[in-house]
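I have placed the structure first, in the form of structure tokens, so that the comments after it can refer back to it.
The values are calculated or read from the model by the stated rules, or taken from the named source; none is laboratory data. Owing to the predicted nature of the structure, the values given are computational and were not obtained by experimental measurement. Ideal geometry is used to build each Cβ from the backbone, glycine not excepted, and the neighbour counts take in all protein chains shown.
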4 protein chains.
Amino acid sequence: MKVERIAVSLEPELLKKFEGKIKQRAYWNRSKAVSDVLREWISRDAWEVGKGEMVATISILYNHHMHDALDRITDLQHEFGKGVLASMHIHLSHDDCLEVIAVKGSSQKIRKISDGLSSVRGVKHCKLAVIR
Amino acid sequence: MKVERIAVSLEPELLKKFEGKIKQRAYWNRSKAVSDVLREWISRDAWEVGKGEMVATISILYNHHMHDALDRITDLQHEFGKGVLASMHIHLSHDDCLEVIAVKGSSQKIRKISDGLSSVRGVKHCKLAVIR
Amino acid sequence: MKVERIAVSLEPELLKKFEGKIKQRAYWNRSKAVSDVLREWISRDAWEVGKGEMVATISILYNHHMHDALDRITDLQHEFGKGVLASMHIHLSHDDCLEVIAVKGSSQKIRKISDGLSSVRGVKHCKLAVIR
Amino acid sequence: MKVERIAVSLEPELLKKFEGKIKQRAYWNRSKAVSDVLREWISRDAWEVGKGEMVATISILYNHHMHDALDRITDLQHEFGKGVLASMHIHLSHDDCLEVIAVKGSSQKIRKISDGLSSVRGVKHCKLAVIR
């Protein structure tokens with residue numbers, strides 16, 4: 001993979017802490033760590049500003065005995081159309097299911113489907129994780 | 001489903017905003033909304049305090065052309081053993097894959113696998129979402 | 001203070017956890033706890049949607065030996081005009097100062113001054129806390 | 001100020017986005033931006049792991065007409081002793097006051113005073129911002 005090298009000036013104290021962190025987290029190297037924190041910073045900003053296409057996962061925990069919950073969750077995904085990349089379903093317990101839905105789209109659209117899912121009767125937890 | 005009823009006193013201004021929010025988000029009813037925010041509050045606290053078994057999803061975005069990335073990601077999941085409930089794999093583009101891993105365990109253990117995954121060479125984004 | 005009473009239905013398991021949390025946190029009563037989590041939910045949403053006047057605090061940690069840092073920080077506050085409610089200055093160490101600025105305004109405006117402050121040379125940390 | 005220079009390799013696409021972000025945010029230079037995101041990463045981790053002395057601000061919004069609120073808030077600050085660096089008080093409206101308290105200490109201690117303040121009768125919002 002092609003890379004470009006830049007020189008960065010850090011205060012000695014910060015560099016020392018950074019080296020300690022990398023070691024503790026068993027990071028591949030400094031460039032990987034810097035790249036990761038920069039990517040996170042850029043994607044966090046992009047989400048807040050609402051520009052560009054984002055990728056996110058929505059995790060919902062719901063009681064599948066609740067009448068209509070599964071139907072409504074499936075309907076909402078279909079309404080979102082091509083924005084839904086894939087979903088995964090896990091049986092957590094006798095009552096509770098975890099459904100994880102990977103989505104892409106504008107932050108407005110992703111927020112809308114996430115809000116929609118969280119308000120479905122039977123859904124107990126709804127967590128949105130913006131990936132990039 | 002069996003429920004218990006409690007009486008809650010709210011300032012008129014807060015009640016008005018709450019009613020507005022419920023309407024705007026098309027929430028089933030007030031009890032569902034109150035239950036959801038309470039559940040989120042309880043699980044957030046549980047995570048920070050580090051008590052009990054949590055359920056979370058870890059979403060990683062990585063370049064699958066990067067030598068060893070997939071192997072290392074798979075190895076880490078196997079090391080975590082029964083803590084991994086399931087995982088889902090999505091081809092985002094020619095280079096990028098999104099892998100979503102549903103896990104359960106103590107917050108310490110979940111943080112550890114999440115940190116491990118984020119430091120794998122080739123992993124660009126790693127997002128942890130605590131569900132409950 | 002005038003209050004309005006509403007009845008809320010909670011699942012027994014959630015009610016039990018809620019009661020435990022209230023006790024552990026030494027909360028005044030259930031209504032206070034429910035009010036607080038509802039207020040937080042409403043203000044978080046308001047911030048993300050970008051509607052209405054928000055109140056926030058911006059905490060910056062900076063090296064006051066850095067040429068111009070204080071001037072630039074003060075200039076930015078003056079540019080923000082009436083949006084700045086007050087500020088507090090704390091000498092943390094020989095080098096580092098903590099300045100906390102209470103602001104009000106739209107989420108866009110608050111984000112703008114926060115971004116401006118974080119990019120000033122000498123500012124090491126900039127943290128925005130949305131209050132309501 | 002003495003600095004140390006390190007070389008960092010970034011993918012061309014990431015470097016391009018990073019340059020765009022710096023320009024948009026009017027950042028002093030690349031090293032400042034990299035330093036800031038690294039500092040935030042390090043302090044976030046330190047908070048979660050609960051090691052070392054942290055600096056934080058706690059912002060509370062409360063109704064000062066509520067009997068005892070101010071007394072209780074002041075008591076809690078005194079109990080925290082030297083952990084409280086300074087506080088600032090702002091009259092937001094006829095009813096509401098904003099109090100911002102700068103604190104230092106372990107994450108456990110800071111969380112404890114923050115939890116204590118949030119449970120005081122009359123306190124409507126309590127927001128903890130970890131600075132470093």
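Structural remarks
- Checked against the criteria, A:HIS91 counts as under 27 Å from B:GLY83 (Cβ atoms) and surrounded by fewer than 19 Cβ atoms within 10 Å (Cβ to Cβ).
- Condition met for D:GLU99 (out of contact with any helix residue (DSSP H, G or I) (no Cβ under 6 Å at 6 or more places or on another chain), over 15 Å from C:ALA102 (Cβ atoms) and not in a loop (DSSP other than H, G, I, E, B)): no
- Look at segment D:116-127: where a residue is of a type in the set (Ser, Thr, Tyr) and a partner is in a strand (DSSP E or B), sitting 6+ places away or on another chain with Cβ atoms under 8 Å, you get D:SER118/D:ILE60; D:SER118/D:CYS126.
- Selection within segment A:1-24 - in a helix (DSSP H, G or I) and among the polar types (S, T, N, Q): A:GLN24
- Single condition B:THR74 does not satisfy, out of (1) among the hydroxyl-bearing types (Ser, Thr, Tyr); (2) outside any helix (DSSP H, G or I); (3) surrounded by fewer than 19 Cβ atoms within 10 Å (Cβ to Cβ): (2)
- The listed residue being within 27 Å of B:GLY20 (Cβ to Cβ) and surrounded by fewer than 18 Cβ atoms within 10 Å (Cβ to Cβ), out of C:LYS21, C:LYS32: C:LYS21
- Taking the conditions (1) touching a strand residue (DSSP E or B) at 6+ places or on another chain (Cβ under 7 Å); (2) free of Cβ contacts under 8 Å to residues at least 24 places away in the same chain; (3) not in a helix (DSSP H, G or I) in turn, D:TYR27 satisfies each one other than (1).
- For segment A:1-18, the set of residues classified as exposed (fewer than 15 other Cβ atoms within 10 Å of the Cβ) and closer than 16 Å to D:ARG39 by Cα consists of A:PRO12, A:GLU13, A:LYS16, listed by residue number.
- Once segment D:30-41 is narrowed to residues that are free of Cβ contacts under 8 Å to residues at least 24 places away in the same chain and in contact with a helix residue (DSSP H, G or I) (Cβ under 7 Å, 6 or more places away or on another chain), the residue that is farthest from B:ARG44 (Cα to Cα) is D:ARG30.
- Filtered residues of segment A:43-61 (kept if surrounded by fewer than 17 Cβ atoms within 10 Å (Cβ to Cβ) and either facing chain D (nearest Cβ under 8 Å) or at pLDDT below 90 (or both)): A:ARG44, A:ASP45, A:GLU48, A:VAL49, A:GLY50, A:LYS51, A:GLY52
- Residue that is farthest from B:ILE110 (Cα to Cα), among those in segment B:30-64 that are of a type in the set (Val, Ile, Thr) and assigned to a strand (DSSP E or B): B:ILE60
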